[in-house]
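The values are calculated or read from the model by the stated rules, or taken from the named source; none is laboratory data. Please read all numbers here as calculations on a predicted model, not as lab measurements. All Cβ positions, even for glycine, are placed from backbone atoms using ideal geometry, and neighbour counts span all protein chains on display. Each accessible area value is taken on the protein alone, full model and side chains, heavy atoms only, with ligands, DNA and RNA left out. Shrake-Rupley method; radii C 1.70, N 1.55, O 1.52, S 1.80 Å.
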Amino acid sequence: MTNLEKIYYVNAGPGGTFQKSGDYYTTPADVDNLFKHLEDHNIERLLVYFHGGLVNEASGMEAAEVMRTNFVDAPTKTHAVTFVWETGLWEIIVENLSAKSSDNQFQKVLNYVIKIVGKKLGVGSRGGGETMDNLTIEAEKQKEYPFAELSDELGNSRSGSVMFDEDDEEGFLARLEQESNTMIRAEDEMATEEIEVAEPDPDAGDSRGLLLTLGKLVAKIAFAVLKRYAQETHHDFYPTIVEETFRKIYIDRVGKWGWSEMKEKAQKMFDDNQGRSGDDLHAGTYFLSLLEKHYQKRQNAGKKFAIELVGHSAGSIAICNMLAATSENFKQLKYNNVVFLAPACRTDLFIAKGIPAKQKGVYKKFKMFTMKEENEKKDYCVKYLYTYSLLYLVSGLFEDETDAKIMGLHEQFKAKKRYENFAELKTINSFIMSNKLALSDDITNTDNSMWTDSFRHGDFDNNPATLKSILSTINIV
């Protein structure tokens, strides 16, 4: 356990309140003491940091220590406080994905889907129309980035011309099932083998799964992948197949539930505190109430006080809610920089809450650090299985729709090729390009506040180059 003083963190417990949920906790009195520390030490700059989602308490506290080490500085009168809002399910999600992917039945389904989808798309078939053989599939799956080279055969130009019958989806699925059954029988497998794929009523606590035959399951997954290609919502060949295979066996519910819970907590932190007291107070709202009073006091006294907001991954979701709460209920507050590190917030959330806040003058400047598309597609979540970054997994599996638009995904916010006709992406692109964007890797820019060389989604908040860039950013008047 770390011995970090409570002036360096605010722990948000269940429902975004001060209720204790682990080894570390914060009380309203602790927040009072934090602001007393700011006053007693004549702090002129406060950095407020929100770590990513699906992070456990220990990792959240480690992030708080990193912020303290890198940004607390007595000579410049700078202080840093981290919101530790742990929703530690990432280990569980990875464990479930890895465990299911190593199952022989899962691999069997995956291989058949690869064959059918590959044949339809012409991946690895030397001109199309041929089925990928088992040796090729197994050899690809042993690579660090399976099917990456074969997937490049498609290119974005093929995405809209994939063979898919949108006028007769039911008939198309039936034909896929017939093709699937024929392929499976040709390999001396039982197409009628039954596989448990879903909970018929998860809300009722019924753990019995829905049974589908192997042939029908393979057809349904292949159908979903091909439809995503036709609708240009795919994440390239293998990642899309993996996403849809997990979706059909309902492993996505583990991730989707955790992600939804995390987003709910990011919102509840800043809910109204009317009628609440003590540990039932929402931590973010209580913090804002004291921050506004302290800010006004400094302003009235003619003293400097700048507030910097930094959010990593899902921390951007918390900041969006913080900006909305400030706009509505704490209108005297003004922030200097808002800095996003590989933001996992939806673009529609930022358009609804982040952009209006800047237009209203709630914050002055915006900067985003994230990965270039090619690096995002080499940042595996589960090695050899899901070879794209967490942002792609969120977009493809954890949100309600497939290919949800996520702010930190370079491929999307570029608003080019298959993404060029999305109005919300054009809006996000315009906002980002009119502010500051730092893409990894760049450590040669003449402006050292733009340096970053993080090649993993989870590393932005402890990457030395990025941390130095943030320090330079907040010191720019």
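Greater than 21 Å separation of Cα atoms is the criterion. Which listed pairs, 108/216; 268/468; 334/358, meet it?
Result: 268/468 exceed 21 Å.
Say the cut-off is 22 Å between C-alpha atoms; which of 377/405; 119/220; 227/263; 120/405; 141/383; 263/365 go over it?
227/263; 120/405; 263/365
Calculate, in nm to one decimal, what residue 102 and residue 448 gain on full extension: separation in residues at 0.36 nm each, minus their alpha carbon distance.
Gain in length upon complete extension: 120.1 nm.
Among the aspartates and glutamates, which have Cα under 14 Å from the Cα of residue 303 when same-chain residues fewer than 8 positions away are ignored?
Output for residue 303: 39, 40, 44.
Which stretch or stretches of the range 279-310 have amide N atoms under 18 Å from the point lying 7 Å from residue 365's Cα along the Cα→Cβ direction?
The answer is 304-310, whose backbone nitrogens lie closer than 18 Å to the label point.
Taking H as built 1.01 Å from N, whose amide H comes closer than 5 Å to the amide H of residue 405, not counting residues under 5 places away?
Residues meeting the criterion, in which the H sits 1.01 Å from N, are 347.
Let me have the 222 nm mean residue ellipticity of the chain computed from DSSP H runs of 4+ only, each contributing -39500 (n - 2.57), with the sum over all residues rounded to the nearest 500.
For the chain, the value works out to -13500 deg cm²/dmol.
For residue 280 and residue 384, FRET efficiency with R0 = 45 Å and r from the beta-carbon atoms, rounded to 0.05?
That gives a FRET efficiency of 0.45.
So for the chain: antiparallel DSSP bridges make up what percent, rounded to the nearest 5?
25 percent
When Rg is the radius of gyration of the Cα atoms in the chain and Rh is its Kirkwood radius, what does Rg/Rh come to?
1.02
Sorted by accessible area with a 1.4 angstrom probe, largest first, how do 430, 469 fall?
Highest to lowest solvent-accessible surface, that is 430, 469.
Could you compute how much accessible surface residue 166 exposes when probed at 1.4 Å, giving the result in Å² to the nearest 10?
Solvent-accessible area, nearest 10 Å²: 110 Å².
Using alpha carbons only, how many angstrom separate the centre of the range 321-365 from the centre of the range 436-475?
21 Å
List, in the order given, every pair from 304/331; 115/416; 372/416; 414/436 whose Cα-Cα distance in the structure shown is over 25 Å.
Beyond 25 Å: 115/416.
If you fit an axis through the alpha-carbon atoms of helix 252-268 and take the longest principal axis of the Cα set of the chain, what angle between them do you get, 0 to 90°, nearest 10?
That helix lies at roughly 20 degrees to the long axis.
Classify the range 3-75 as rounded, prolate or oblate from the Cα gyration tensor: take a ≥ b ≥ c as the square roots of its eigenvalues, call it rounded if a/c is under 1.5, otherwise prolate when a/b beats b/c and oblate if not.
oblate
Based on the alpha-carbon gyration tensor of the range 383-444 and its eigenvalue square roots a ≥ b ≥ c, which shape applies: rounded if a/c is under 1.5, prolate if not and a/b is larger than b/c, or oblate?
Because a/c hits 1.5 or more and a/b fails to exceed b/c, the range 383-444 counts as oblate.
Using a cut-off of 10 Å between beta-carbons, work out the net charge of the residues near residue 21 (Lys and Arg +1, Asp and Glu -1, residue 21 not included).
Net charge around residue 21: -2.
In a shell of Cβ-Cβ distance under 12 Å around residue 443, excluding residue 443 itself, what net charge do Lys and Arg (+1) and Asp and Glu (-1) give?
Every neighbour counted, the sum reads -3.
Hey, what did the chain get for relative contact order, percent, Cα under 8 Å, at least 6 apart?
16 percent
By the gyration tensor of its Cα atoms, with a ≥ b ≥ c the square roots of the eigenvalues, what is the shape of the range 248-315: rounded for a/c under 1.5, prolate for a/b over b/c, or oblate?
Oblate.
Taking R0 as 30 Å, what's the FRET efficiency between residue 329 and residue 261 from their Cβ-Cβ distance, rounded to 0.05?
0.80
Collect residues whose amide H, placed 1.01 Å from N in the peptide plane, falls under 5 Å from the amide H of residue 13; neighbours closer than 5 in sequence don't count.
Those qualifying (amide H under 5 Å, at least 5 residues apart or on another chain) are 18, 19.
Can you give the net charge of the other residues whose Cβ lies under 11 Å from the Cβ of residue 472, counting K and R as +1 and D and E as -1?
Its environment carries a net charge of +1.
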